[in-house]
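The values are calculated or read from the model by the stated rules, or taken from the named source; none is laboratory data. Because the structure is a prediction, the values reported are computed rather than measured. All Cβ positions, glycine included, derive from the backbone under ideal geometry; neighbour counts span all protein chains shown.
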Amino acid sequence: MSTTQSAVSTFPTCLRTGPNRSSASRAIRGISALRYVAGFEERTMRITAELSLYPLASERPIERITGFIRELRGQPGVEVLTNQMSTQLRGELEDVQRAVDACMKAVMESGDRVVLVAKYLNADLPIDSPPQL
């Protein structure tokens, strides 16, 4: 008997009967779904991002940049810090992506050509203090 056949034959019959699974199998799937909905299996990823906006041939480049930053600061779930070189964001992956997408769309729909440089790091770095080198 092959390893695959052996593993399948020892797996409980109620969990390997295909689409007509037994009530035990349905109960297990139901419990898994409840645990997911209740947040027991929720997986989160906090990230740090750095953004730099470059308006091209704009008559009001500073207005475009400050408007973009104001829009970022109004986004929920995202911590924003701006310095002379760039803007850093920190938060849950989905919140940061949602904020960047919304603000990028708004500034790009303004009519001016812009370049947005974005860097993402899969770590939750403190953005309000200088790094320890």
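For Arg70, are the conditions met, namely being assigned by TED's automatic domain parsing to the domain that holds Asp112, part of a helix (DSSP H, G or I) and either at pLDDT below 95 or farther than 15 Å from Ala106 by Cβ (or both)?
Details: assigned by TED's automatic domain parsing to the domain that holds Asp112: yes; part of a helix (DSSP H, G or I): yes; either at pLDDT below 95 or farther than 15 Å from Ala106 by Cβ (or both): no.
Here the answer is no, as Arg70 does not meet what is asked.
Looking at the stretch 89-116, which of the residues that are of a type in the set (D, E, K, R) and assigned to a strand (DSSP E or B) is nearest to Thr66 (Cα to Cα)?
Applying the first criterion (of a type in the set (D, E, K, R)) to the stretch 89-116 yields 90, 92, 94-95, 98, 101, 105, 109, 112-113.
Filter once more, keeping what is assigned to a strand (DSSP E or B): 90, 92, 113.
Values: Arg90: 19, Glu92: 24, Arg113: 16 Å.
Across the stretch 89-116, the extreme among qualifying residues is Arg113.
Looking at Asp128, Asp101, which one is at negative phi and either surrounded by 14 or more Cβ atoms within 10 Å (Cβ to Cβ) or modelled with pLDDT of 95 or more (or both)?
Working: Asp128 fails: either surrounded by 14 or more Cβ atoms within 10 Å (Cβ to Cβ) or modelled with pLDDT of 95 or more (or both).
The match here is Asp101.
Go through the stretch 117-133 residue by residue and tally those that are in a loop (DSSP other than H, G, I, E, B), closer than 26 Å to Lys105 by Cβ and not hydrophobic (A, V, I, L, M, F, W, C).
2
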